[in-house]
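Beneath this line is the structure, given in structure tokens, with notes to follow.
The values are calculated or read from the model by the stated rules, or taken from the named source; none is laboratory data. From a predicted model like this one, the values you see are computed outputs, not experimental measurements. When we count neighbours, we look across all protein chains shown, and the Cβ atoms used for this are built from the backbone with ideal geometry, even at glycine. Note: areas computed on protein heavy atoms with side chains; ligands, DNA, RNA excluded. Shrake-Rupley method; radii C 1.70, N 1.55, O 1.52, S 1.80 Å.
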Amino acid sequence: MASSCVYPPYPDVFASSIQPLTDAQKFELLSTPWDEAHCCSFPSRFSGGKLRKAQGVWFRTHSWLRYSISKDGVYCAPCFLFGDQVARSKYLTREPFTDW
């Protein structure tokens, strides 16, 4: 699905081309705040009979939340970096949440 998103200012950790993150990339992932300029419009999809999409306000309200353009989903940056990778709930840690 095509996206009109401008790349967020941090690495897309779910992109197929991503290598293990360097310490500098981890720092960038945790410390770079979301800015309105980083995304004009998220891609939409039907869910629950309605057209839905991620909302920019989520990233300003929840500073830990990050967006993956490659997966069109959101995840918890600290949970991804430091959380239990075999946790019962894989969403927001090992897989982005995409059910808007």
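So the values come out like this:
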{"quantity": "Ranking by accessible area, most exposed first, for PHE46, PHE14, PHE59 with a 1.4 Å probe", "calculated": "PHE46, PHE14, PHE59"}
{"quantity": "Heavy atoms of ARG60: accessible area, 1.4 Å probe, square angstrom to 10", "calculated": "120"}
{"quantity": "Solvent exposure, largest accessible area first (probe 1.4 Å, DNA, RNA and ligands not counted), of PHE97, PHE42", "calculated": "PHE97, PHE42"}
{"quantity": "Cα-based shape type of segment 57-100, given that a ≥ b ≥ c are square roots of the gyration tensor eigenvalues and the cut on a/c is 1.5", "calculated": "oblate"}
{"quantity": "Distance in nm between pseudo-label sites at SER63 and GLU95 (7 Å out along the Cβ direction from Cα)", "calculated": "3.0"}
{"quantity": "Largest to smallest accessible area among THR93, THR98 [probe 1.4 Å]", "calculated": "THR98, THR93"}
{"quantity": "Linear extension gain, LEU30 paired with LEU81, 0.36 nm per residue minus alpha-carbon span", "calculated": "17.5 nm"}
